[in-house]
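Only one structure is covered here, and it is reproduced in the block below.
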Amino acid sequence: MYALSYFSQEKSRLATQLEQRQLELDSLSPDVKADASNVGVKAAQLKLLNAKESLRSYKQHIRQSILRVAIVFGLLMGLVGIRSLEGIIQYPAPVITLEIFRLYLFRVLDLGLTAGLIAGGSEGIHSLIKKLYSFFPDASQTVASSLQAVGKNVS
């Protein structure tokens with residue numbers, strides 16, 4: 001809880017600093033603003049730019065920190081047994097060494113997918129699927145026709 005209140009205070013401080021720099025620039029007279037070579041205008045614009053960059057950098061740092069924590073949390077959940085694909089795809093019991101390797105590789109990929117879904121939500125996975133679909137536009141037709149053929153063979 002302390003860290004969240006610290007982050008909030010820092011963000012407020014940077015936002016206030018940005019507002020002050022904007023007010024400094026706005027307080028200059030229109031004649032001075034029109035003169036682009038004026039040192040005071042350039043200094044005020046530079047301070048405003050630095051304040052914007054500081055706030056943007058701070059927000060980016062916070063996003064990255066939260067994402068790291070969420071990924072670790074997702075990995076821990078996956079290690080406990082909550083997985084996204086393992087319940088859907090029934091992998092046969094491994095018999096030979098290669099199949100054991102495939103099973104562990106599948107579980108590692110499932111663990112990574114689960115961590116990503118928990119950390120970033122489904123939007124990132126959805127955009128990845130859309131990109132894959134753009135590379136293989138006829139894949140859905142192929143899968144649908146394969147499923148229909150399997151359904152007819154079972155009947």
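Quick note: the coordinates plus some simple rules give every number you see, no bench work behind them. A quick note: this is a predicted structure, and the numbers were derived from the prediction, not measured. All Cβ positions, even for glycine, are placed from backbone atoms using ideal geometry, and neighbour counts span all protein chains on display.
Applying the Karplus relation 6.51 cos²θ - 1.76 cosθ + 1.60 with θ = phi - 60° to the range 55-66 yields 3J(HN,Hα) values of 5, 4, 5, 5, 4, 5, 4, 5, 4, 5, 5, 5 Hz, where x marks Gly and Pro. Over the range 2-120, the hull volume per residue, using the convex hull of the C-alpha atoms, is 154 Å³. With r as the distance between the Cβ atoms of VAL72 and GLU10 and R0 = 22 Å, compute the FRET efficiency 1/(1 + (r/R0)^6) and round to 0.05. Step by step, r from the Cβ atoms, then E = 0.45. Applying the Karplus relation 6.51 cos²θ - 1.76 cosθ + 1.60 with θ = phi - 60° to the range 80-93 yields 3J(HN,Hα) values of 5, x, 7, 10, 8, 9, 4, x, 8, 9, 8, 8, x, 5 Hz, where x marks Gly and Pro. At an R0 of 35 angstrom, the distance between the Cβ atoms of TYR58 and GLN90 translates into a FRET efficiency of 0.15. Note on GLU99 and LEU79: with the Förster distance fixed at 22 Å, the Cβ-Cβ geometry gives a FRET efficiency of about 0.50. Computed extension length for ASN50-ILE125: 23.5 nm, one decimal, from 0.36 nm per residue of separation with the Cα-Cα distance subtracted.
Only lysine pairs 8 or more places apart, or on different chains, with alpha-carbon atoms under 20 angstrom apart are counted in the range 2-120, and they number 8.
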